[in-house]
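Down below is the structure, laid out as structure tokens.
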Amino acid sequence: MVKVCNLVAIMLIVLLPNVSSYDRPATRKNIVMHPYSNDPVSPEQVHISLVGPDKMRISWITKNSVMPTVVYGTTSGEYEGSANGTSSSYHYLMIYRSGQINDVVIGPLKPNTIYYYKCGGQSSTQEFNFKSPPSQFPIRFAVAGDLGTTEWSKSTLDHVSKWEHDVFILPGDLSYADLWQPVWDTFGRMVQPLASKRPWMVTQGNHEVELIPVLHRQSFTAYNNRWRMPFEESGSTSNLYYSFNVFGVHFIMLGSYADFEPGSDQYQWLEKDLKSIDRKTTPWLMAVIHAPWYNTNEAHQGEKESVDMKQSMETLLYNARVDLVFAGHVHAYERFNRVYEDKFDKCGPVYINIGDGGNKEGLAKNYGDPTPAISLFREASFGHGQLVVVNASHAQWKWQRNDDDVSVEKDSVWLTSLSADSSCQI
Ligand SMILES: *[C@@H]1O[C@H](CO)[C@@H](O)[C@H](O)[C@H]1NC(C)=O
Ligand SMILES: *[C@@H]1O[C@H](CO)[C@@H](O)[C@H](O)[C@H]1NC(C)=O
Ligand SMILES: [Fe+2]
């Protein structure tokens, strides 16, 4: 009798569907977005990014050339501020010419304040608005890499837009244009509803390189023209690596596709940037790369941009007591323990791979077995991350999965800053 019962139980376990399992969604189709307006000077692809402690860069594209002017103020319809900037455009393969790409830096701005602005000056018909980041904790960061322009990308952005955040962090691979430049325009239009309201701080991925031997010898043409980041303000000579502060949080945005060897420009800049950090005023230290240094997914194993960059820079970040390292590239979510040189180390950074924005290439579903002890959570699903830096010592990280069209919390952990750990002296 006992034996029969056991048999039934075993059969039930085998036959009943595991209720907690999740069917990985299929890829969804690419979206194509056309300009909202036929007006050749109407602003489109509006996005903003932080510049220094109290300024914002406003970037937008027009079909025809306009004066790169932004008017702004704290009351809708009243613009006490005005600033001029610069513009550029680029050709790609004779068949594509971008619109006029405009960049205007405005400020100084008050913290945690809604600003209303018009791109192209007073006469422009459309008003946008953004909120500047707070000058005290808590500070909220939304994080998603490898975004693309699919229906999944859109669902990720819809979920992010419903979460009250201050800054968006994108660890590389933006549009997946893959040389076909109009996709960059679709990407700009798709992100505008979010990226015109909150600063988007990005770094480059492999999909940004867009180099073609003989035919297009310059790399990062679209990326550098369209997504200018505050590199000069952080003492860097390249748009591919830079740093910025949001109150007490220092972000180092590294370039997985720029030279990273000891002695390289990026390496020297990183050394200098790390030395300049005062953990009393910026207790939190984050780094962002594209190709992960730690990754137990079968995708992207052994690539030079992961292995060699880790070899070159891991000790620098470890010695500086970096709290968290975000990466993308692998289309899945994985969170590690604190790690240094492949082993648990209580003074090492927590590594988080968040390349799950939802691009056209789909998910990276295969993981190595067994799960190494340093990997604490891994799942191949689309979604986004939410980091709330609560105070100088505590932050909460959550991973929100796109359960089809609903955002569901699947991983949540409290993190403490290494600056608050006296046994990890900085
Ligand atoms: C912007 O440029 C226009 C035209 O040259 C000029 O009239 C205006 O004063 C400038 N605005 C600012 C804020 O410098
Ligand atoms: C920081 O936040 C954590 C979590 O809410 C709390 O337990 C801790 O007491 C706070 N620390 C300070 C100094 O306020
Ligand atoms: Fe990538």
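The values are calculated or read from the model by the stated rules, or taken from the named source; none is laboratory data. Computed from a predicted structure; not experimentally measured. Virtual Cβ from ideal backbone geometry, glycine too; neighbours counted across all protein chains shown. What goes into the accessible areas is simple: the full protein's heavy atoms, side chains included, and nothing from ligands, DNA or RNA. Shrake-Rupley method; radii C 1.70, N 1.55, O 1.52, S 1.80 Å.
See the values below:
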read-out: Residues satisfying the stated conditions in region 378-426, i.e. within 16 Å of ligand 2 (Cβ to nearest atom), touching a helix residue (DSSP H, G or I) at 6+ places or on another chain (Cβ under 7 Å) and farther than 17 Å from residue 351 by Cα; value: 392, 393
read-out: Region 349-377 - residue that is within 19 Å of the chain's Cα centre (by Cα) and in a strand (DSSP E or B) and, of those, nearest to residue 169 (Cα to Cα); value: 354
read-out: Condition check for residue 320: within 16 Å of ligand 3 (Cβ to nearest atom), closer than 21 Å to residue 201 by Cβ, modelled with pLDDT of 95 or more and assigned by TED's automatic domain parsing to the domain that holds residue 146; value: no
read-out: Test: residue 108 is open to solvent by 30 Å² or more (accessible area, probe 1.4 Å) and closer than 12 Å to residue 56 by Cα; value: yes
read-out: Criterion: open to solvent by less than 30 Å² (accessible area, probe 1.4 Å) and either among the aliphatic types (A, V, I, L, M) or touching a Cys at 6+ places or on another chain (Cβ under 6 Å) (or both) - qualifying residue of 376, 324, 316; value: 324
read-out: Subset of region 129-149 [open to solvent by less than 10 Å² (accessible area, probe 1.4 Å), farther than 16 Å from residue 397 by Cβ and within 17 Å of the chain's Cα centre (by Cα)]; value: 146, 147, 148, 149
read-out: Test: residue in region 290-310 that is hydrophobic (A, V, I, L, M, F, W, C), open to solvent by less than 10 Å² (accessible area, probe 1.4 Å) and not in a helix (DSSP H, G or I); value: yes
read-out: Strands (runs of 3 or more DSSP E) contained entirely in region 85-203, each with at least 3 residues that are away from ligand 3 (no atom under 16 Å from the Cβ); value: 86-88, 100-106, 114-119, 128-131, 139-143
read-out: Condition check for residue 251: open to solvent by 50 Å² or more (accessible area, probe 1.4 Å) and touching a strand residue (DSSP E or B) at 6+ places or on another chain (Cβ under 8 Å); value: no
